[in-house]
Amino acid sequence: MASPSLSHGLGFTDLYDREGLVRLDAAFVDWLKDGHVEMHARLMAARTNPDALADKDESNLLIELARPLEDFLAALFGVAEEAARLRGHHSTLAPVFDCKRLFVQRYVTRAIKPDAAAALDGDKVTAEVALPVRLEDGLEAWELAFALAVRERAGAEFKIATPTPEIEALTRYAAWALHSPEGKKRHRDGPLFKVPHKLDFEHLVPIETEVVDGVTRMRLPRPMLRHREGFALTDEGFDLVRALDHSNYCIWCHNQGKDSCSRGLKDRKTGAFQKSPFGVTLAGCPLEEKISEMNLLKSEGFSIGALAMAAVDNPLVAATGHRICNDCMKACIYQKQEPVDIPQIETRTLKDVLGLPWGFEIYSLLTRWNPLNLRRPLPRPATGRTVLVVGLGPAGFNLAHHLMNDGHAVVGIDGLKIEPLPVAQSGVSADGARHAFAAVRDVATLREDLGERAMAGFGGVAEYGITVRWDKNYLKMVRLLLERRGQFSMFGGVRFGGTVTVEDAFAMGFDHVALCAGAGKPTVLDLPNGLARGVRAASDFLMALQLTGAAKKDSIANLQIRLPVVVIGGGLTAIDTATESLAYYPLQVEKFLSRHEILVQERGEAAVFAAMNAEEREIAFEFIAHAEAIRAERVKAEREGRTPDITGLVNGWGGVTIAYRRRLIDSPSYTLNHEEVLKALEEDIRFAEGLSPTAVEVDANGHAKALKVAGEQNGQKIEATLPARTILVAAGTQPNTVLAREDATHAFIDGKYFRALDEEGNPATPERVCKPTDVRVLMYRAADGRFMSFFGDLHPSFAGNVVKAMGGAKQGYPVLTRTMEKLPLARRSPAELLAEANALWRAKVVRVDRLTPTIVEVVVEAPAAARNFEPGQFYRLQNYEARSKKVDGTLLTMEGLALTGAWVDKDKGLLSLITLEMGGSSDLCALLEPGEPVIVMGPTGTPTEIEPGETVVLAGGGLGNAVLFSIGQAFRKAGSKVLYFAGYKKPSDRYKVEEIEAAADVVVWACDEQPGFPVDRPQDKSVVDNIVEAMRRYASGELGPQPIPFKDADRIVAIGSDGMMNAVRLARHGVLKPWLKPDHRALGSINSPMQCMMKEICAQCLQLHKDPVTGKESVVFSCFNQDQELDRVDFGCLRQRLRQNGVQEKIGALWIDRSLRRIGAR
């Protein structure tokens, strides 16, 4: 593995070792002393007492230090020539910005009025300037030549005393470029002829309107549309010249102590943060990044120095910047005109450094050693403390970084599957062992096409909630910044509260537990038919798209949407949901057509459509027709030499509309980040303001067909019906405080959030601002003084966006350090803790057994998951994409499967997961191999209520019997009597007979087909009939004496298909009623569709309940409360939701079967 040839006697591994960094720091200090004596003295004094420096003095010192630091780092990595070349490019472009400020803005705008300028002849004024370059040579070269021509004629100060004919020609051209439509179009991507415009806060987004279906919809003017296809990166961001335009536009107001972009815009009288015209608090960058100083250095060409400056307060700058944050822009000193685009400058600065040879390693080094950080230039000595960070989203990964730099070891866990990176990149193998990793010379080796990359899971909401508007390769880089460090370990598929609890963590010896699991609980709208087929939560859609993998052409993930699409909501999630649904629909139908055509060719049309009902065939034909139209448009566009207008076709089929209850300018997306609204409208979505949803209309098949709305538009009351085959609800989220309901001993609620404590353990009230005076992040104190803390969207100070979450981690980590300093010596070393975590939290396959022709048992070793299992709970099983087989371009990576623990061996750490091969991801379980690492997330769900001294009737249908093994045994162990009805369709479907017998005092075997089942125990019985009829016949005495009288039943627990459980529900009020106690309880383990299974996060598992007495409707999350009263469950709704992806699943089942046959697995 190639490594940089470092100077000063250092090796590459020294850069990842504290002792090596100490030597590096000493080398830098000596180097600085040799060449910059006075600066060396100032640095040493500042390090001794950094708080003694005034803010302005500190800024000036850091700026002056950043310039030689760039030289030192460039020499260290042997890239001095390349760094000088990059700096030289900045210098070359400098005349453009001087010309813009001194000539275009100060002279041209006054010399020729806009109306006169717009009347000029473009061809004529272009010819008159007679530049030595052509427009065909590129806009950057042309604008630079223009600036140089002005400077040559006006002088370096660009002062025009008496205009010469040449200056007049240049003036006319500049005026034409500034004010005429043709000139603006020509220079759209260049900076020279763009002057800052005044802000009209009610018109920050240019719109035009159209009336469709009686509703006024907003859209962008047609010339402003931007082509998008698929899920490649949609926004490359500024090039260097445009970034420098904005860094030069900045007035570098740190010199006046007015850097409001960083510190917030404060009222001069009260000192409180001001608010925008929309009422948004202008607190500035939540990280208080040194923005003004960064901009100054960037404008001078010191890209490494500028990055080092940003990294002082924002070391994980790769996770912020363009298309992520804009708190800084909102608080820019320019409040009445266009602000400085700080995120673009920040991201461009990072890009420029990454573009250098060894650029990633230079950036990586600056996150661990940064001389500009006067208070912590290098990691502190190891403290022996280990922190468990729960959740590896923005709050979690930033907290982990700061804790490591404070000397602590960090173990991070996340409920999501985290795909492994190549060992050569990460230095970590599947079993958690550490290995040497390769230095990254060319950052391109880390980059992947966003439409083809593995959905890696790391980053939480940054992975599944943020779309391809942001380059997620940066997320991979952030991961490497952590994962390569020996003080950090990471585990995916570990749910806090399931796999590991608070008590488990403290018992293992963790010195602190930090909750950063900020994913919010989606708001569910109370609408008639609000859970009809076709209606989804936006979080469900985005997670299926960006984490389960539906956005990938090679995946088998099922996500079915139809047009038209209506998105309900006005926040940034609604914006992202709208753009991604518009992009996903063509990919979906084209993938469907491609697979359909191959299957028809190989199997015949009749076979392909055999499993589909009439409605599903209709939807399939709809998808095929649309895909064929897209294909035809691609062919036509290629023939005509133009870009295919796929979006035009999609809009012709109904497109995507956002419906929001208030005005566009009142929407959170507009008030917080109107740039994202503009970018979304560029992709040709529509926005309908002033409309509140009142009901979902369904067709004869129960599928959504329209959204009824009411509200006010254009001053008039309105009621309308929006055609909608897909309705995506993005109505906001609430803090997810599930832990407080799971563990009332360690988590307490204060309003919507967890209760906060001060550092003495007393209840405290956090400020609702991202820069609180007192940082209150603690939430629980154990008797021995150890604490638990909370961050990100779980916290009232730091909820809201990525950078606020990261800012909370930056402000909060010192609190954690202080609390751990008060503890006695650590009970266990970080190495000992990690060894136990590796043993407990990593799952691997032990064996795969086929129990029946269609049922497979997967036995896994997952000690913590097995140890915490309670009857009735379940797990999410997944394989890794990195280990998946690929067949004809299709990755056999399974979607998350919800599987119960059929049995567990807590001593050996084994658990059994039984699955029915139903034609989807469950068919892939048979491919799992002994020793293969897998994700077994859980246990999750709520344990079945086990009461002692009852008579319990268990009713299991098919695969549902696997769930009842442990439940029946638990009831018997508690002293209850168990009467078990085990139903199957075919004799070959029965499995695990001994386990069923062990779970019951009496078993009644039921089979739909002859000859039924033999009986091995004298008290058991057997019938050839369905399970309800078996129950009736037993209860009526037709099967002979009842060893356990049916009439004694106190509770019924039914587990099986939705049809089977509904049949039991109805029978209790019909054929079984004469033999049941009026007050018996009847529960079903409801098999709602599930995705994340992490409790109240993605909302795919929503289940409608109806009160049997009042008829009042309510909604539950089945992945949290899977055991539900049968009489409350709306089984019609359940059946519809189970068919959400019906057509995709039918074609997907055939495709998986084809793939398995092609590799000889069938």
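Values in this text are rule-based calculations from the coordinates and carry no lab data. Keep in mind it's a predicted model, so treat the numbers as computed, not measured. Neighbour counts are summed over all protein chains in view; Cβ atoms, including those assigned to glycine, are modelled from backbone coordinates with ideal geometry.
Just a few scattered comments:
- Distance from the stretch 882-956 to the stretch 506-580 (C-alpha centre basis), Å: 23
- Modelled label positions at K986 and E202, each set 7 Å beyond Cα in the direction of Cβ, lie 7.0 nm from each other.
- Taking amide H atoms as placed 1.01 Å from N in the peptide plane, the amide H of Y780 lies under 5 Å from those of M788, each 5 or more residues away in sequence or on another chain.
- Overall, the ratio between the Cα radius of gyration of the chain and 2.2 N^0.38 Å, rounded to two decimals, is 1.00.
- Here's the list of lysines a cross-link from K886 could span, going by alpha-carbon distance under 19 Å and ignoring same-chain residues fewer than 8 apart: K552, K553, K591.
- Against the main long axis of the alpha-carbon atoms of the chain, helix 55-76 sits at an angle near 80°.
- Simple label model, 7 Å out from Cα along Cβ direction - V29 to A744, nm: 5.6
- For the chain, calculated [θ]222 nm from helices alone, where every DSSP H run of n ≥ 4 adds -39500 (n - 2.57): -11000 deg cm²/dmol
- Across K1021/K1146; K290/K476; K752/K1073, pairs whose alpha-carbon gap is larger than 32 Å: K1021/K1146; K752/K1073
- Among beta bridges from DSSP that stay inside the stretch 522-729, the antiparallel ones total about 50%.
- Judged by the ratio a/c of the largest to the smallest principal axis of the C-alpha gyration tensor, the stretch 50-118 counts as oblate, that ratio being 1.5 or greater while a/b is no larger than b/c.
- Diffusion constant of the stretch 884-937 at 25 °C, which comes from Stokes-Einstein with the Kirkwood Cα-pair radius and 0.890 mPa s, µm²/s: 193
- Backbone HN-Hα couplings from phi across the stretch 207-220 [Karplus 6.51/-1.76/1.60, Hz, Gly and Pro as x]: 9, 10, 10, 9, 10, 9, 6, x, 10, 7, 10, 8, 8, 8
- Helix 572-603 and the longest principal axis of the Cα set of the chain meet at an angle near 60°.
- For the stretch 686-818: span of alpha carbons on each principal axis (Å, largest first): 62, 34, 21
- Approximate spin-label separation V423-R828, in nm, with each point projected 7 Å along Cα-to-Cβ: 2.5
- Listed by Cβ neighbour count within 10 Å, with the fewest neighbours leading, F437, F1120, F458 appear as F1120, F437, F458.
- Cubic angstrom per residue, convex hull over Cα atoms of the stretch 373-463: 143
- Near W903, the amide H atoms lying under 5 Å from its own belong to S912; only residues 5 or more places off or on other chains count, and H is placed 1.01 Å from N.
- A convex hull fitted to the Cα coordinates of the stretch 522-729 yields 134 cubic angstrom per residue.
- Between the stretch 275-316 and the stretch 700-749, the alpha-carbon center distance in angstrom: 37
- When each of C1119, C925 is scored by the number of other beta-carbon atoms lying within 10 Å, the sequence from fewest to most is C925, C1119.
- Length-normalised contact order for the stretch 522-729 - Cα pairs under 8 Å, 6+ apart - percent: 32
- Counting beta carbons within 10 Å around each of I630, I1147 and listing the fewest first gives the order I630, I1147.
- For the stretch 842-940, the dipole from Cβ point charges (+1 on Lys and Arg, -1 on Asp and Glu) about the Cα centre works out to 260 debye, to the nearest 20.
- Peptide packing: for 952-958, 965-971, the average count of neighbouring Cβ atoms within 10 Å per residue gives the ranking 952-958, 965-971, highest mean first.
- Between the helical axis of 139-154 and the longest alpha-carbon principal axis of the chain there is an angle of about 20 degrees.
- Remark: the stretch 915-1038 carries a charge dipole of roughly 320 debye about the Cα centre, counting +1 on each Lys and Arg Cβ and -1 on each Asp and Glu Cβ.
- Taking 0.36 nm per residue of separation and subtracting the current Cα-Cα distance, fully stretching the chain between A882 and H89 would add 281.4 nm.
- The shape of the stretch 266-327 comes out prolate: with a ≥ b ≥ c from the C-alpha gyration tensor, a/c is at least 1.5 and a/b beats b/c.
- Using the Karplus relation 6.51 cos²θ - 1.76 cosθ + 1.60 with θ = phi - 60°, the per-residue 3J(HN,Hα) values for the stretch 868-874 come to 8, 5, 10, x, x, 6, 9 Hz, with x marking Gly and Pro.
- Stretchable slack from R631 to A835, in nm (0.36 nm times residue separation minus alpha-carbon distance): 68.0 nm
- Peptide ranges 438-450, 172-184, 849-861 listed from the most packed, as the mean C-beta count within 10 angstrom indicates: 172-184, 849-861, 438-450
- Three-way shape call for the stretch 344-399 based on the alpha-carbon gyration tensor, with the a/c threshold at 1.5: oblate
- Rounded to the nearest 5, the antiparallel percentage of DSSP beta bridges internal to the chain is 55%.
- Theoretical gain in end-to-end length, A130 to E81 [0.36 nm per residue, Cα-Cα removed]: 14.1 nm
- Convex hull of Cα atoms in the stretch 842-940, direction-averaged projection (nm²): 6.0
- Taking amide H as placed 1.01 Å from N in the peptide plane, the amide H of V978 sits under 5 Å from that of V952, D1001, V1002, each at least 5 places away or on another chain.
- Couplings 3J(HN,Hα) for the stretch 643-650, derived from phi with the Karplus relation 6.51 cos²θ - 1.76 cosθ + 1.60 (θ = phi - 60°), are 7, x, 8, 5, 4, x, 5, 4 Hz, where x marks Gly and Pro.
- Over 22 Å between alpha carbons, listed pairs K417/K521; K184/K330; K100/K184; K417/K885: K184/K330
- Packing rank of 406-414, 142-150, where each peptide gets the mean count of other beta carbons within 10 Å, highest leading: 406-414, 142-150
- Part-to-part distance (alpha-carbon centres) for the stretch 403-463 and the stretch 70-131, which is given in Å: 40
- Normalised by the number of residues in the chain, the average gap of Cα pairs under 8 Å and 6 or more apart makes the relative contact order 10 percent.
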